[in-house]
Amino acid sequence: MISSTSLYYLGLPMWSNRQWIGGVFPQGANSKNFLRHYSSVFSAVEGNTTFYALPSVDVVTAWKEQAQAGFRFNFKFPRKITHENFLRYCGVELSEFLKRVEPLADNLGAFMIQLPDSFEPRQLDDLEKFIKQLPSSFQYSVEVRHLDFFNQGDEEIALNQLLQSYSVDRVCFDSRALFSKPAVTEQEKDAQRKKPRLPVHAIVTSTNPIIRFIGSSDFHHNQQYLLAWVDKMTQWAEQGITPTVFIHTPDNARAPEQAAIFHQLLSGLEGWQPLSRTLKDEAQLAIF
């Protein structure tokens, strides 16, 4: 695993995918041990599972037992809170969620408040009220999708100032590589139907920004967009900013290899450490 004291955290949108056997997971690995293997390679994971359902106490206990020291779960708040109640009248759900994952305190990265595209600038007061009731012992990040939050005008300024005032990070969702060319594979077509297409504003409102990179199936095509992030992260390293980067591919079957390529691109940075497992073959390495 990349050390938790390194320049950044690297992860994927999930930790359990049988297509990763032979790469992230050794041959013959039992699915019950996938998290243990995953967290020995990557230092973070998007906690999408909590968006859809609250994990049981036993499941949380199992996660705690398997997660490596320094590994970070970046859990999403439940959709009941963000997409159904729009951050209002959700005190019970919020308390229940935080209490359920509290045993993982040593492995918790920033919680992600992912808001739907229907959450508008006029609702910023609701966001502020929600942030105010969050325990200060945790870190938080916000992902917005309404286009007015990307207009570089009063609406975006108000959002950024709000996040800065509470030391909350802003999630940067980068799907440029996915949408910059016609979809070729069925997986790309499906991803283009489902993923949002948003402007990319690499804005830091606290000290641990989150980047969600959505690539195409063509690693060579993705390269120019990843290199832009290498430049940005080089600047951030000089400023003492520690980002978390999550790498997606259309069906995520090859997300580990794409993440490994990105990590290799950062090898010139002081403090860089290699991944603990080789996730791409020599032919793929030769391309880059």
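Residues of the range 50-81 that are in contact with a strand residue (DSSP E or B) (Cβ under 6 Å, 6 or more places away or on another chain) and in a helix (DSSP H, G or I): THR50, PHE51.
From the residues in the range 207-248 that are assigned to a loop (DSSP other than H, G, I, E, B) and in contact (Cβ under 8 Å) with a residue 60 or more places away in the chain, which one is nearest to GLU143 (Cα to Cα)? Quick ask: steps written out before the conclusion?
Going residue by residue through the range 207-248, those that are assigned to a loop (DSSP other than H, G, I, E, B) are 207-209, 215-218, 239-243.
Within this subset, residues satisfying the condition of being in contact (Cβ under 8 Å) with a residue 60 or more places away in the chain are 208-209, 242-243.
Details: ASN208: 13, PRO209: 11, THR242: 18, PRO243: 15 Å.
That would be PRO209.
Within the range 139-169, the set of residues being touching a residue at least 40 places away in the same chain (Cβ under 8 Å) and either within 12 Å of LEU124 (Cα to Cα) or touching a Pro at 6+ places or on another chain (Cβ under 7 Å) (or both) comprises ARG145, PHE150, GLU156, ASN160, LEU163, ASP169.
Out of GLU96, GLU65, GLU84, GLU102, one residue alone is in contact (Cβ under 8 Å) with a residue 40 or more places away in the chain and among the acidic types (Asp, Glu). It is GLU96. I need the full set of residues from the range 111-150 which are assigned to a loop (DSSP other than H, G, I, E, B), out of contact with any helix residue (DSSP H, G or I) (no Cβ under 9 Å at 6 or more places or on another chain) and either over 16 Å from SER206 (Cβ atoms) or among the aromatic types (Phe, Trp, Tyr) (or both), in order please. Listed by number, the list holds a single entry, ARG145.
Within the range 274-284, identify whether any single residue is modelled with pLDDT of 95 or more, hydrophobic (A, V, I, L, M, F, W, C), in a helix (DSSP H, G or I) and more than 26 Å from LEU163 (Cβ to Cβ), and answer yes or no.
The first filter runs over the range 274-284 and keeps only residues modelled with pLDDT of 95 or more, leaving none.
No, the range 274-284 contains no residue that is modelled with pLDDT of 95 or more, hydrophobic (A, V, I, L, M, F, W, C), in a helix (DSSP H, G or I) and more than 26 Å from LEU163 (Cβ to Cβ).
With among the aromatic types (Phe, Trp, Tyr), on the phi > 0 side of the Ramachandran plot and surrounded by 18 or more Cβ atoms within 10 Å (Cβ to Cβ) as the only criterion, which of PHE77, PHE86 stands out?
Details: PHE77 fails: on the phi > 0 side of the Ramachandran plot.
Exactly one of PHE77, PHE86 is among the aromatic types (Phe, Trp, Tyr), on the phi > 0 side of the Ramachandran plot and surrounded by 18 or more Cβ atoms within 10 Å (Cβ to Cβ), namely PHE86.
Given the criterion among the acidic types (Asp, Glu), surrounded by fewer than 21 Cβ atoms within 10 Å (Cβ to Cβ), under 20 Å from the mean Cα position of the chain (by Cα) and in a helix (DSSP H, G or I), identify the matching residue among GLU102, GLU96.
Numbers: GLU96 fails: under 20 Å from the mean Cα position of the chain (by Cα).
Exactly one of GLU102, GLU96 is among the acidic types (Asp, Glu), surrounded by fewer than 21 Cβ atoms within 10 Å (Cβ to Cβ), under 20 Å from the mean Cα position of the chain (by Cα) and in a helix (DSSP H, G or I), namely GLU102.
With respect to the conditions (1) of a type outside the set (Val, Ile, Thr); (2) in a loop (DSSP other than H, G, I, E, B); (3) over 25 Å from SER95 (Cβ atoms); (4) in contact (Cβ under 8 Å) with a residue 24 or more places away in the chain, GLY28 lacks only one, and its number is (4).
Would you please name the residue that is modelled with the lowest pLDDT, looking only at residues in the range 25-71 that are surrounded by 19 or more Cβ atoms within 10 Å (Cβ to Cβ) and under 25 Å from PRO116 (Cβ atoms)? That would be GLY47. Which residue, of PHE219, PHE262, PHE246, is surrounded by fewer than 21 Cβ atoms within 10 Å (Cβ to Cβ) and among the hydrophobic types (A, V, I, L, M, F, W, C)? Exactly one residue qualifies, and that residue is PHE219.
Just to be sure I understand, how many residues within the range 175-187 are touching a helix residue (DSSP H, G or I) at 6+ places or on another chain (Cβ under 7 Å) and surrounded by 14 or more Cβ atoms within 10 Å (Cβ to Cβ)? Can you show your working first?
Just the residues of the range 175-187 that are touching a helix residue (DSSP H, G or I) at 6+ places or on another chain (Cβ under 7 Å), to begin with: 176-179, 181, 183.
Next cut, surrounded by 14 or more Cβ atoms within 10 Å (Cβ to Cβ) only: 176-179, 183.
Total meeting the criteria: 5.
A residue that is of a type outside the set (Asp, Glu), touching a residue at least 40 places away in the same chain (Cβ under 8 Å) and over 29 Å from GLY215 (Cβ atoms) can be found somewhere in the range 43-59.
The values are calculated or read from the model by the stated rules, or taken from the named source; none is laboratory data. Worth saying up front: this structure is predicted, and the values here are computed from it rather than measured. All Cβ positions, glycine included, derive from the backbone under ideal geometry; neighbour counts span all protein chains shown.
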